Amino acid sequence: MAAKLKKGDKVVVLTGRDKGKQGEIAKVMPAEGRAVVTGVNTVIRHTRQSQQSQGGRIPKEAPIQLSNLAIVDPKTGEPTRVGFKVVDGRKVRFAKKSGEVLDA
């Protein structure tokens, strides 16, 4: 199946604690169906001090379910679904709300 969400896409969170927050996808894990989004789903990781690191409470982005994310329409700035179509013999992604092509 083709990837509807890719690294570098601007997305908005649809459900959960961070509903409405926007961020950019930093990493996609298709096998788990999850993605890491910058500034979203931040958790505190408590680490012990060692010779290499200071230790303490370190904020870190945790993965979020792909079904809870929607791509931001480049034209309107609203959440939209993603479709596929062939343009000039190339399969590209497009925003369903505005019809704007997402792949440059």
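Assuming 0.36 nm per residue, please report the length gained on full extension of the stretch Arg57 to Arg90 beyond their Cα-Cα distance. Please list the in-between numbers first.
Details: separation 33, 0.36 × 33 = 11.88 nm, distance 4.69 nm.
Full-extension gain reported as 7.2 nm.
With all distinct Cα pairs included, what does the Kirkwood hydrodynamic radius of the range 4-54 come out to in Å, to one decimal, could you say? Could you put the intermediate results ahead of the total?
Numbers: mean 1/r = 0.0785 Å⁻¹.
Radius from the Kirkwood sum: 12.7 Å.
Kirkwood Rh, Cα Rg: Rg to Rh for the range 36-81?
On the way: Rg = 16.3 Å, Rh = 13.2 Å.
We get a ratio of 1.24 for the range 36-81.
Averaged per residue, what accessible area in Å² does the chain show with a 1.4 Å probe, protein chains only? The partial results should precede the final answer.
Working: 7170 Å² over 104 residues.
I get 69 Å² per residue for this part.
I need two numbers for the chain: Rg to one decimal and Dmax as a whole number, Cα atoms only, in Å.
16.7, 56
Output the relative contact order of the chain, whole-number percent, from Cα pairs under 8 angstrom with separation of 6+ residues. Could you put the intermediate results ahead of the total?
Numbers: 192 pairs, mean separation 20.9, N = 104.
The normalised contact order for the chain reaches 20 percent.
Using 0.36 nm times the number of residues separating Thr47 and Lys10, minus their current alpha carbon distance, what extension gain do you get? Could the numbers behind the result be given before it?
Details: separation 37, 0.36 × 37 = 13.32 nm, distance 3.05 nm.
Using 0.36 nm per residue and subtracting the Cα-Cα distance, I get 10.3 nm.
Charges only on Cβ, +1 for Lys and Arg, -1 for Asp and Glu: so what's the dipole of the chain about the Cα centre, in debye to the nearest 20?
Working: 21 positive and 10 negative charges, 40 e Å.
In total the dipole reaches around 200 debye.
Select from Val82, Gln65, Gln51 the residue farthest towards the positive end of the dipole of the chain; place +1 on Cβ of Lys and Arg, -1 on Cβ of Asp and Glu, and compute about the Cα centre.
Gln51
Taking just the C-alpha trace of the range 58-101, give me its Rg and Dmax in Å.
13.9, 47
Report in % the part of the accessible area of the chain that belongs to carbon and sulfur, leaving out ligands and nucleic acids; probe 1.4 Å. Spell out each step's value before the answer.
Numbers: 3570 of 7170 Å².
Roughly 50 percent of what the probe reaches on the chain is carbon or sulfur.
Number of Lys-Lys pairs in the chain under 17 Å by Cα, sequence gap 8 or more or different chains?
Total qualifying Lys-Lys pairs in the chain comes to 22.
The values are calculated or read from the model by the stated rules, or taken from the named source; none is laboratory data. Since the structure is predicted, the reported quantities are computational estimates derived from the model, not experimental observations. A quick note on method: Cβ atoms are made from the backbone with ideal geometry, for glycine too, and the neighbour counts reach across all protein chains shown. Accessible surface is based on the protein model in full, side chains and every heavy atom, while ligands, DNA and RNA are left aside. Shrake-Rupley method; radii C 1.70, N 1.55, O 1.52, S 1.80 Å.
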